[in-house]
Amino acid sequence: MKKKVVLLLSLVLVALCVARIAFVNATAIRFEARRHAVGEAIELSGSFINEPLGSEDYSVTVLGMERMTHDEYIERYGIDKAAGLDGDSTKSVICVEMNVRNAAAPDSEGSAIELIGMGLNLANGDAVLQIDNELWSKSEPSVPSGGLGALSIVPQTDYTTHIPYSAATGYVDSDNGELPAGTYELHLSSEPIRNLVVADVA
């Protein structure tokens, strides 16, 4: 009799757990996901990652994604072409060439797009990366080695930058830190619209 009571209670608990999971899934907030191609101008329209920073007038165009070594990034985009070279031939960096435009009125101020959380990942999950701020600071004098939380552009202007994502700033399913070729997804915003740029990186 005691075993039957325990079994009955267990079944009730399982049923309650299943019902709770179903309720959470049914009532969860789902944000629209939009996938974009390289070269497409993406109007952020106020979408953000963690907190709104006034991105209503911002648009982002990813001009390309390229796999390269740490040294190739410095030699191509570094302020000092010889500073920080490590001689490693591992393709451990994905460089995202990005154009950011602020179409706000000339007298507008205080708007920006969020960089913290702007992650890059392989579509199959074998690599999950964040911005390598230390490497980025070697090509952008305004970027501290500790990184930027947000990027603000003067109204009625645009700016092109080369943002490095590296094996040193995330998870890579690789023994030597080599980033594999494949389809990568760049997460520009998470809500109220999830904007992702999808690119095949050779």
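Key figures
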| read-out | value |
| --- | --- |
| Residue, nearest to the chain's Cα centre (by Cα), within the stretch 161-192, restricted to residues that are in a loop (DSSP other than H, G, I, E, B) and under 26 Å from A83 (Cβ atoms) | L179 |
| Pairs, first small (G, A, S) in the stretch 178-194, second part of a strand (DSSP E or B), C-beta under 6 Å, six or more apart | A181/V201; G182/L122; S189/F48; S189/N195 |
| Total residues in the stretch 151-160, condition surrounded by fewer than 17 Cβ atoms within 10 Å (Cβ to Cβ) and part of a strand (DSSP E or B) | 4 |
| Single match in S190, S174, S166 (criterion: in the same structural domain as H70 (by TED's automatic domain parsing), modelled with pLDDT under 95 and under 15 Å from E43 (Cα atoms)) | S190 |
| Of all residues in the stretch 52-67 being surrounded by fewer than 18 Cβ atoms within 10 Å (Cβ to Cβ) and at pLDDT below 95, the one that is nearest to E97 (Cα to Cα) | E56 |
| Selection count, the stretch 161-182, where residues are touching a Leu at 6+ places or on another chain (Cβ under 7 Å) and polar (S, T, N, Q) | 2 |
| Number of the condition not met by C95 [criteria: (1) touching a helix residue (DSSP H, G or I) at 6+ places or on another chain (Cβ under 8 Å); (2) surrounded by fewer than 16 Cβ atoms within 10 Å (Cβ to Cβ); (3) within 25 Å of G39 (Cβ to Cβ); (4) not small (G, A, S)] | (2) |
| Test: residue in the stretch 40-51 that is part of a strand (DSSP E or B), surrounded by 17 or more Cβ atoms within 10 Å (Cβ to Cβ) and polar (S, T, N, Q) | no |
| Hey, S111 under 18 Å from Y58 (Cβ atoms), in contact (Cβ under 8 Å) with a residue 40 or more places away in the chain and more than 17 Å from the chain's Cα centre (by Cα) or not | yes |
| Search result, residues across the stretch 141-150 that are of a type outside the set (V, I, T) and surrounded by 18 or more Cβ atoms within 10 Å (Cβ to Cβ) | L148 |
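The values are calculated or read from the model by the stated rules, or taken from the named source; none is laboratory data. This structure is a prediction, so every number in the text was calculated from the model and none was measured. Using ideal geometry, Cβ is built from the backbone for each residue, glycine included, and neighbour counts are taken over all protein chains shown.
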